[in-house]
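We did not get these values from a lab; they are worked out from the coordinates using the rules stated. Fair warning: this is a prediction, and the values are worked out from it, not measured in the lab. Methodologically, a virtual Cβ is constructed for each residue, glycine included, from the backbone with ideal geometry; neighbour enumeration extends over all protein chains shown.
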C-alpha cells in the first residue's frame, strides 16, 4: 500500500469501487454547498482496503440554518438522491437534525448504501468535525475522522465488526499515530483493556 | 433416532471464541499483506469482492 503522508492529509491512488464513487458524489455536493462534514463510519476502514462492504456511511455535518439545508436538499434531489426518512425537507431539518437524530439519504429507489447524517451532539462529535483528516484519493478530497480517535472509538463500539476495523486501521497506521492523542482517547473512552486485541494479546 | 442432536453450549462457546480469534488473526494477516501490496493490486481485488456483495 503506497500512502503519502503530510500534515493532516493522506494521499494515495486506488481503483475506485462503486462505494468510493458514491461517497465522492455525495461529499462533492456537501463541498459545493460549503457544508463542513466528517466521515466517521466503517467506510474509513473500507477506504483503506478492508475486505468488507457496508450499508451505511455515517457523517457529522456542521449545524446550519434551515435555508442552507434547503439548498443542500435541493441539490441532493437534483443529483439523484432522496431522503429515506421523509419527503419533507422542513421535517427532516426540524424533527430529525435539530433533534440530533440522523437523516438518511440514498440514490433514488435504493435503500443501501445510504448516508446517515447528523448534527454533532457531544464534545467528541464536535472534536471529530473540527479535527478531521483529509484523504486525497485520485486527486479527490474527502474529510475523515482522525485515526487517533477512529481506532479507540471502534474499540469502544465493540462489535466483532468494529474490533476488526480497529485492528485493520491499527495495523496500517500504528507507526504514524500521535500516541499521546491515541492514548488520551483510549483512556477517556475507557477501552484500555481492549487495546490488547490490537496487539493480538487475548 | 433422536429428534435433536446433543448440544454442549460450553463447547459451542469455545468454538465461537476460537473462530473469533482466528478471524482477528486473519484481519492482521490481511493488513500485513495490504502493506506490502501495490494499491492497484489490492484495490482491484477489493473491488471484485465489493461488486460480488
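Here are a few things to note about the model shown:
- Our summary of shape: the Cα atoms of the range A:147-195 have principal axis extents of 25, 23, 14 Å, ordered from largest down, in whole angstrom.
- The alpha-carbon atoms of chain B, seen along their principal axes, cover 55, 23, 12 angstrom, with the largest extent given first.
- Test item: A:187-196 mean partner chain Cβ contacts at 10 Å: 0
- Separation of the range A:2-67 and the range A:139-187, taken as the distance between their Cα centroids, equals 15 angstrom.
- Chain A: relative contact order in percent, alpha carbon pairs under 8 Å with at least 6 residues between: 21
- Per-residue Cβ neighbour counts within 10 Å put A:186, A:29 in the sequence A:29, A:186, beginning with the fewest.
- Estimated purely from DSSP H runs of n ≥ 4, each contributing -39500 (n - 2.57), the mean residue ellipticity at 222 nm for chain B is -26500 deg cm²/dmol once divided by its residues.
- Added length on full extension, which subtracts the Cα-Cα distance from 0.36 nm per residue, residue A:180 to residue A:4: 61.2 nm
- The range A:1-111: mean projected area of Cα convex hull, nm²: 7.8
- Average partner coverage of A:14-25, which counts Cβ from other chains inside 10 Å: 3
- Residue exposure proxy: B:8, A:58, ordered by other Cβ atoms within 10 angstrom of their Cβ from fewest to most, comes out as B:8, A:58.
- Relative to the longest principal axis of the Cα atoms of chain A, helix A:160-173 runs at roughly 70 degrees.
- Spread over its residues, the convex hull of the C-alpha atoms of the protein assembly as shown is 175 Å³ per residue.
- Sorting A:27, A:122 from the fewest to the most surrounding beta carbons within 10 angstrom yields A:122, A:27.
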